[in-house]
Amino acid sequence: MLCAAVYAAAQLPAASGERERGRVFKKTLAEAGLEYKGTRALRTGKNYRRGDWKGARPAFWTLAASDGTVKLRLELTKNIGRALAEKTMDERFLRIDALYSGSAAYPGMITKEFEVPKALRPADLKAGPDGNRAKALAATPNMAYGAGAEDLVSHRGLLGYLYCGGAGPDAEAEAQAGTLAQIELFFPKKEFKLETARQEFDKIHCRGNELRE
């Protein structure tokens, strides 16, 4: 009993630290106009803004987080209209597909050209609270796409988008005040399960009037 009590007490600081990291990440995400409804203790990593995030002109924010297993990367664009946001999504998806068209180079003693195996090509699916188009992707250790061989792949996950409309006084103002979030969520490839990844992806939402813990 004593050993069990000592062990349980030793776990309290770690558990408390995880909860605090989770709260810090959620508060940071709230500043970006988003909320995470999951339970993972994500620790904020890269956090870089460009432009006046509180102003009326387009501004950008790169935000990354991880719980040691799952990696989340967000590229946010503020003050973007819905039409431009949809165009941006389409262009990004086209660029990803272009990475896998034709042949790929496999680096080695002698670089060889070959067609990317079907298992490594992106797959289209629906994900996110709005059921938007997303892609299931393979990625390298530095989270880059386009790997042409399985031994170059370390992670698998999803890339998709979430558009949060503004709250302007009229339709025109609202259309110009939205935020586009490019969401990348990746698991180690041996732990990746598509449905689990989709469920975790679905836990990122446009923020309501108050941050809900």
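The values are calculated or read from the model by the stated rules, or taken from the named source; none is laboratory data. Please read these numbers as outputs of a predicted model, since none were measured by experiment. Because the Cβ atoms are built from the backbone with ideal geometry, glycine has one as well, and the counts that use them run over all protein chains shown.
Tabulated results
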{"item": "Selection within region 143-160 - modelled with pLDDT of 90 or more and touching a strand residue (DSSP E or B) at 6+ places or on another chain (Cβ under 6 Å)", "result": "153, 155, 156, 157, 158, 159, 160"}
{"item": "Strands (runs of 3 or more DSSP E) contained entirely in region 37-107, each with at least 2 residues that are farther than 20 Å from residue 162 by Cα", "result": "43-50, 103-106"}
{"item": "Qualifying positions in region 125-166 - within 21 Å of residue 36 (Cβ to Cβ) and not in a strand (DSSP E or B)", "result": "128, 129, 130, 131, 143, 165, 166"}
{"item": "Checklist (1) at pLDDT 95 or above; (2) farther than 17 Å from residue 26 by Cβ; (3) not acidic (Asp, Glu) applied to residue 61, failing item", "result": "(2)"}
{"item": "Any chance residue 102 is surrounded by 17 or more Cβ atoms within 10 Å (Cβ to Cβ), at pLDDT below 95 and not polar (S, T, N, Q)", "result": "no"}
{"item": "Top-ranked residue of region 63-83 - restricted to ones that are closer than 11 Å to residue 179 by Cα and surrounded by 16 or more Cβ atoms within 10 Å (Cβ to Cβ), ranked as nearest to the chain's Cα centre (by Cα)", "result": "75"}
{"item": "Of residues in region 115-137 being under 30 Å from residue 165 (Cα atoms) and aliphatic (A, V, I, L, M), the one surrounded by the fewest Cβ atoms within 10 Å (Cβ to Cβ)", "result": "123"}
